[in-house]
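Report on the following structure.
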Amino acid sequence: MPTRTIIFDLGGVLVRICRTWEEACAIAGVEVRDPDRFRNPTLAQRRKHFHHLHQTGQIACKAYFNAIAESTAGLYTPDEVRRVHNAWTRNDYPGVSALITRLREAGKRTACLSNTNHSHWTILQQGQGREHPPSSALLRLDIRLASHIMGLAKPDAKIYLAAEQSLAADPADIVFFDDLAENIAAARARGWTAHLIDHADATAAQIESHLTAAGIL
Ligand SMILES: [Mg+2]
């Protein structure tokens, strides 16, 4: 029996995250200003571009906050962007940390493959203030792979190949969980067994049922 490697996405699978700018503003205590102007397609496209540079480690956090603030046409300052950005990741989903412990005890290898950035990565591993402890699920994983360190992001096929090489894992022995359909499709194209998780529902139960059905747990 080969060693199975179980790879998790973080946001929406192990860790709750904000799904909208407005939601993160509310947590950060930053007022939402002129949503119509904010959603202007040219500005949104610019923000998407800088978001990609940030999550692939091509720009530092400070430059990212400045660039995003500029791409809101003055609606938000760089410091407000930083506060909203740092409010994005929330706590672990219930039960996921215990599930990872069970997998490790069953002799499975566990890892994450996350599109993330230096700020979120630091907050998830070290916590932020009293209300935001570190992600115990993340800290329990055997191997932690992050887009900004790898210089690649899902769903680029290259990041899946790089993950296989980092993990020295055969694609056929990998089981992967993610909450975005395009990331699942790209993983399947590499020959991984991949399951789409619904971030709005209890994620541990969904993961467990796939692992049980496959005889892994
Ligand atoms: Mg996700």
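The values are calculated or read from the model by the stated rules, or taken from the named source; none is laboratory data. Here the structure is a predicted model, which is why all the values come from computation and not from measurement. FYI the Cβ positions are ideal-geometry reconstructions off the backbone, even for glycines, and counts take in every protein chain you see.
If you check Ala98 against the conditions, is it at pLDDT 95 or above, of a type outside the set (S, T, N, Q), closer than 24 Å to Thr5 by Cβ and out of contact with any Asp or Glu (no Cβ under 9 Å at 6 or more places or on another chain)? Here the answer is yes, as Ala98 does meet what is asked.
Counting the residues of the stretch 101-121 that are under 16 Å from Ile143 (Cβ atoms) and touching a residue at least 60 places away in the same chain (Cβ under 8 Å) gives 10. Counting residues in the stretch 13-20 that are without any contact (Cβ under 8 Å) to a residue 60 or more places away in the chain and either loosely packed, with under 13 Cβ neighbours inside 10 Å or of a type in the set (A, V, I, L, M) (or both) gives one or more.
Being of a type in the set (A, V, I, L, M), closer than 15 Å to Asp156 by Cα and out of contact with any Gly (no Cβ under 9 Å at 6 or more places or on another chain) is the filter here; which residues of the stretch 174-190 pass it? Within the stretch 174-190, Ala181, Ile184, Ala185, Ala186, Ala187, Ala189 qualify.
Counting the residues of the stretch 82-98 that are under 22 Å from Ala205 (Cβ atoms), buried (at least 23 other Cβ atoms within 10 Å of the Cβ) and either more than 16 Å from the ligand (Cβ to nearest atom) or free of Cβ contacts under 8 Å to residues at least 40 places away in the same chain (or both) gives 0. Among the residues of the stretch 180-196, the ones that are within 11 Å of the ligand (Cβ to nearest atom) and buried (at least 21 other Cβ atoms within 10 Å of the Cβ) come to 2 in all. Search the stretch 177-201 for residues that are touching a residue at least 40 places away in the same chain (Cβ under 8 Å) and among the charged types (D, E, K, R) and pair each with any residue that is within 13 Å of the ligand (Cβ to nearest atom) and assigned to a helix (DSSP H, G or I) when their beta-carbon atoms are under 9 Å apart and the residues are at least 6 apart or on different chains. So the pair list comes out as Asp178/Ile184; Asp178/Ala187; Asp179/Thr203.
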